[in-house]
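Notes follow once the structure below has been shown.
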Amino acid sequence: LQGVQGVVKRLEYDPNRSADIALIEYGREHDGANVVKGHAYIIAPEGLKPGDSVVSNKAGATVSPGNAFKLRDIPVGVEIHNIELRPGKGGQMVRSAGTFATLMRREAGDGYCIVKLPSGEQRYVRGECMATIGAVGNKDHH
């Protein structure tokens with residue numbers, strides 16, 4: 001969901017992944033007046049706790065853990081995770097507990113960004129792809 005603000009209701013254990021997940025409750029206007037509440041799960045970044053506010057791709061939002069932005073809108077040097085490889089496909093890289101990538105630079109001419117992955121590999125990713133701010137939580141996972 002883009003441009004929508006939500007509140008972290010709780011962090012949950014997921015037996016199918018090493019990272020914890022966060023339940024987000026969001027309200028969205030429907031037909032101009034009625035507010036429809038919805039829920040979604042995100043991979044819980046380090047430092048996220050119940051009651052925190054998160055936002056997805058909203059202009060003017062602060063760069064804080066759990067917020068998601070297009071790579072072209074993220075400041076260089078910020079730790080990110082859950083990175084899309086193709087716009088709209090959903091996050092595919094850097095989703096394991098305790099991992100993070102770093103946005104190294106933006107290429108002005110072609111719209112690509114260079115992301116340094118946990119392996120040390122530097123990869124070109126389109127600037128329209130989304131990523132979430134912060135390192136994945138549960139870094140003590142064994």
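Data for the structure
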{"quantity": "Sequence-distant lysines (8 or more away, or on other chains) whose Cα lies within less than 27 Å of LYS58", "calculated": "LYS9, LYS37, LYS49, LYS70, LYS89, LYS116"}
{"quantity": "Amide H within-cut-off set for GLU46, under 5 Å, with H built and near neighbours excluded", "calculated": "ALA135, VAL136, GLY137"}
{"quantity": "Hydrodynamic radius (Kirkwood) for the chain, which is based on Cα pairs only, to one decimal in Å", "calculated": "15.4 Å"}
{"quantity": "Those trypsin sites (Lys or Arg not before Pro) in the range 41-118 that DSSP places in a loop and that have at most 16 other beta carbons within 10 Å", "calculated": "LYS58, LYS89, ARG95"}
{"quantity": "Under 5 Å, built H, 5+ apart or other chain: amide partners of ASN67", "calculated": "VAL55, ILE133"}
{"quantity": "Sulfur and carbon atoms: percent of accessible area, the chain [1.4 Å]", "calculated": "46 percent"}
{"quantity": "The range 45-129 - accessible surface per residue (Å², probe 1.4 Å)", "calculated": "52 Å²"}
{"quantity": "Cβ-based net charge around GLU46, under 13 Å, with every Lys or Arg adding one and every Asp or Glu removing one", "calculated": "-2"}
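The values are calculated or read from the model by the stated rules, or taken from the named source; none is laboratory data. Computed from a predicted structure; not experimentally measured. Here the Cβ is made from the backbone with ideal geometry for all residues, glycine too, and neighbour counts use every protein chain on show. Accessible surface areas use protein heavy atoms only, side chains included; no ligands, DNA or RNA. Shrake-Rupley method; radii C 1.70, N 1.55, O 1.52, S 1.80 Å.
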